[in-house]
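Please read the structure below before turning to the comments.
The values are calculated or read from the model by the stated rules, or taken from the named source; none is laboratory data. It should be emphasised that the depicted structure is a prediction, and the values quoted were computed from it without experimental measurement. Here the Cβ positions follow ideal geometry from the backbone for every residue, glycine too, while neighbour counts run over all protein chains shown.
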Amino acid sequence: MKDLIVLLADKDAENALQTLLRERTDALGIRPLEFDVFAHPQHDPGVLRDAPALLRARQPGYHRALVLLDREGCGREQQARAELEDEIQQRLNQSGWADRSAVIVLDPELESWVWQPTSRVAQVLGWKTWQELSAWASKSGRWEDGEAKPSRPKELMQAALREKQIAWSSSLFAQLAQSVSTRRCADQQFGRLVEVLRCWFPRQALIP
């Protein structure tokens, strides 16, 4: 039986989670895992609709289940993040995953995790320094002064890549996940992901 199954919405998120769980266990403060990550072919609406049914059949193979989706694009953006999480969690509980599953709705979307003030983030997006990137983002009106993160993180990432004539690619998320800080990320949901993983798979569990 493997430690964890992750259901998420697309290749971008899949690359990010694969990299975090495979290469960043020390930074996350967790032990090495045996896990599988699956992307729903119908993206966020598919995850919202099908997560309990899809994961019910896979219960015998995994100790824990994690569901990730974006609020933006899920088809029910009028609902609050917490409401969506509670609804999916209740359905997971009813399908046999009570006390061993978690739901994280990214608000508004995965790209919220990207915007950390590091030179590595800037370089992955094609910019020389974080100062250059942040100054451009502020001047363009896409990131207001004083905001911990941009209100439209995906649109800002797309614009930053276009400015440097770099094509959008899912591989960018693997590169970003290799350097994302587990301490400096301002996104609340990323922090919750780290907390859940540390609770489930503490590093000290390796000690006899």
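Annotations for the structure displayed:
- Taken over segment 146-194, residues that are hydroxyl-bearing (Ser, Thr, Tyr) and part of a helix (DSSP H, G or I) amount to 2.
Let's see how each residue does on (1) among the charged types (D, E, K, R); (2) in the same structural domain as residue 151 (by TED's automatic domain parsing); (3) free of Cβ contacts under 8 Å to residues at least 60 places away in the same chain; (4) closer than 19 Å to residue 15 by Cα:
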position	(1), (2), (3), (4)
43	no, no, yes, yes
48	no, no, yes, no
55	no, no, yes, no
61	no, no, no, no
75	no, no, yes, no
80	no, no, yes, no
117	no, yes, no, no
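- Top-ranked residue in segment 27-38 [being farther than 10 Å from residue 3 by Cβ and free of Cβ contacts under 8 Å to residues at least 60 places away in the same chain; ranked as surrounded by the most Cβ atoms within 10 Å (Cβ to Cβ)]: 37
- Segment 31-90, residues that are touching a Cys at 6+ places or on another chain (Cβ under 9 Å) and within 16 Å of residue 192 (Cβ to Cβ): 84
- Every residue from segment 102-133 that is among the small types (Gly, Ala, Ser) and either at pLDDT 95 or above or crowded, with 21+ Cβ neighbours inside 10 Å (or both): 102, 112, 122, 126
- Some residue of segment 85-93 being assigned to a loop (DSSP other than H, G, I, E, B), free of Cβ contacts under 8 Å to residues at least 60 places away in the same chain, assigned by TED's automatic domain parsing to the domain that holds residue 191 and not β-branched (Val, Ile, Thr): no
- Sub-6 Å Cβ pairs linking a first residue in segment 122-148 that is farther than 13 Å from residue 158 by Cα to a second residue that is of a type in the set (A, V, I, L, M) and modelled with pLDDT under 95, at least 6 apart or interchain, are 148/186, ordered by first then second residue.
- Flag for residue 127 being part of a loop (DSSP other than H, G, I, E, B), over 27 Å from residue 74 (Cα atoms) and hydrophobic (A, V, I, L, M, F, W, C): yes
- Scoring residue 99 on the criteria (1) touching a strand residue (DSSP E or B) at 6+ places or on another chain (Cβ under 9 Å); (2) of a type in the set (Asp, Glu); (3) surrounded by fewer than 19 Cβ atoms within 10 Å (Cβ to Cβ) leaves a single failure, condition (1).
- Criterion applied to 138, 101, 170 was being over 22 Å from residue 21 (Cβ atoms) and hydroxyl-bearing (Ser, Thr, Tyr), and the one residue passing it is 138.
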